[in-house]
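Each reported figure results from applying straightforward, stated rules to the coordinates on display, with no laboratory input. What you are looking at is a predicted structure, and each value in this text was computed from that prediction instead of being measured. Note that each Cβ is placed from the backbone with ideal geometry, even for glycine, and that neighbours are counted across all protein chains shown.
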């Protein structure tokens, strides 16, 4: 016997509207609800049918689940597939964004509690194309800080896998679903636990369990993060000279040029040498202050608050966060 489709269970066509689905569902529920057949010899049959009715409606009343069901059961015309995939992508994105908006209060509460207890705070969480994640190319990854932080309890995060992919979790979606070439999505996390920074790359089919001791960031990784640089697994990035070295080199070069100009002008001026020297000192102090201010603004420093790429706000990290310490995670 051929198994009935969810549409057939509800007695509607595959093109039925939401109101038609609801009307069919309520009529069938009122007819086959188990409470109405407690003493009936066919109560088991009614209960089984009621379960099928409920499952069918729960699937078809959800826009994303309905489209996936239609696709799985070949209910979509091949000529309509391009538009169908675009609509499915838009529905997934819309549901994820709505879910994250509803998480805002829970997110703030969880984050505040974990910070007060020096527990687990998600600073950055991006799901999507690894190349785009490291280069901050929006549109090819989705920020999932809120759904992950909301799942943190008592300094721990255990995030079970749903249907073999992270994209089916509330607040997630596949940002690369419409790409012509398949992209292997990954999840990149930077989190703080016990005042120590951690980071990890996870595959799309990975179960998330945090914190873990092996996720602790090295001094080099911390420095890169504070400079706004993210790197892929196994990628090596050569650090440039730090700000103080640059400042010394610039100041030294500037002083040499100024001194040469002083020697040149000495031959062209009748002004006494002591006055010329005094003018040189004043000139050096004035311009060096302007130069030092410019360099200070342009070069990232370790003692400045980190900028969270996910939120665009300063992340308050204590001084101990800059050290790689032992973690109980």
Set the Förster radius R0 to 35 Å, insert the Cβ-Cβ distance between residue 131 and residue 108 as r into 1/(1 + (r/R0)^6), and round the FRET efficiency to 0.05. 0.65
For 83, 196, 5, order by how many other beta-carbon atoms lie within 10 Å, fewest first: 83, 5, 196
Roughly speaking, what is the stretch gain from residue 99 to residue 203, that is 0.36 nm per residue apart minus the C-alpha to C-alpha distance, in nm to one decimal? 35.2 nm
Quarter of Cα convex hull surface for the stretch 103-226, i.e. mean projection, nm²: 7.7
FRET efficiency for residue 179 and residue 118, Cβ-Cβ distance as r, R0 = 41 Å, nearest 0.05? 0.50
Gain in length, residue 15 to residue 54, computed as 0.36 nm per residue apart minus the alpha-carbon separation, to one decimal in nm? 12.1 nm
